[in-house]
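The values are calculated or read from the model by the stated rules, or taken from the named source; none is laboratory data. The structure presented is a predicted model; accordingly, all values stated were derived computationally and were not measured. Here the Cβ is made from the backbone with ideal geometry for all residues, glycine too, and neighbour counts use every protein chain on show.
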């Protein structure tokens, strides 16, 4: 079987295969540990859990048990700290289990965060702000570049950078995103409005009038003093659009091409110093 790529690598590195069962004191295979001895992962980026999903999982666990072992790390006083398996742990508690199957692994602070993040991203469990905050911790505390973070979670560097940009939004915009009242596209469009108060005003219009992302972009551009995108772009040739798409795919960022009879211009956009460094590396 070919190795899984991207998201699976981090968890596979901690979950052993084909090993014999070991006792609670050492590393090895799967062992049963009292559920009361397992502490929550202090680096768990996920704050909200769907109660209905937890109830359904708890019902399944009552009938079939915990199929996939949790990953824990030994802690002080005979306790264990959860590395991965937050939903299973909560559901097992709801189901009334006294012990759960675990794989014991020693983990660093960085691994606690990385593995919890990988697990949640795999299941699309994090909202955009939780994901952005986890990326921010990896970048600030462990000095990981956006490129390295992207490799860890199996996403593109641009996707990681764009998610991190959401943290620059005002508190009401971030809350609206968490609540599902707007999409990530809406939130990114609102970043064009630099004033927090103005962002909130535009947000209210977006929600009350149910504006699309494009309508939000146009409104944000108007308030920020930027000229809206030229209508001529909609009538540009399919060849120009294709070249733009190929350049964007190759460079991993937005590219604008203006083509005339005697040449033209290519505009490459970047949104952070790291974006610029990555572009320079690719272009030079």
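Based on what the data block shows, is residue 62 farther than 17 Å from residue 40 by Cβ and out of contact with any helix residue (DSSP H, G or I) (no Cβ under 6 Å at 6 or more places or on another chain)?
Details: farther than 17 Å from residue 40 by Cβ: yes; out of contact with any helix residue (DSSP H, G or I) (no Cβ under 6 Å at 6 or more places or on another chain): no.
Against the criterion (farther than 17 Å from residue 40 by Cβ and out of contact with any helix residue (DSSP H, G or I) (no Cβ under 6 Å at 6 or more places or on another chain)), residue 62 does not qualify.
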> How many residues does region 192-210 hold that are more than 14 Å from residue 176 (Cα to Cα) and outside any helix (DSSP H, G or I)?
Replying inline: 4
>> If residue 151 meets every condition in (1) at pLDDT below 90; (2) surrounded by 21 or more Cβ atoms within 10 Å (Cβ to Cβ) apart from one, which number is that one?
In response: (2)
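Is there a residue in region 119-135 that is touching a strand residue (DSSP E or B) at 6+ places or on another chain (Cβ under 8 Å) and buried (at least 18 other Cβ atoms within 10 Å of the Cβ)?
Initially, region 119-135 is screened for residues touching a strand residue (DSSP E or B) at 6+ places or on another chain (Cβ under 8 Å), giving 119.
Still in the running and buried (at least 18 other Cβ atoms within 10 Å of the Cβ): 119.
Yes, region 119-135 contains a residue that is touching a strand residue (DSSP E or B) at 6+ places or on another chain (Cβ under 8 Å) and buried (at least 18 other Cβ atoms within 10 Å of the Cβ).
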> Is there any pair linking a residue in region 116-138 that is under 13 Å from residue 160 (Cα atoms) to one that is assigned to a loop (DSSP other than H, G, I, E, B) and modelled with pLDDT of 70 or more, with Cβ under 6 Å and at least six apart or on different chains, and which?
Replying inline: 138/144
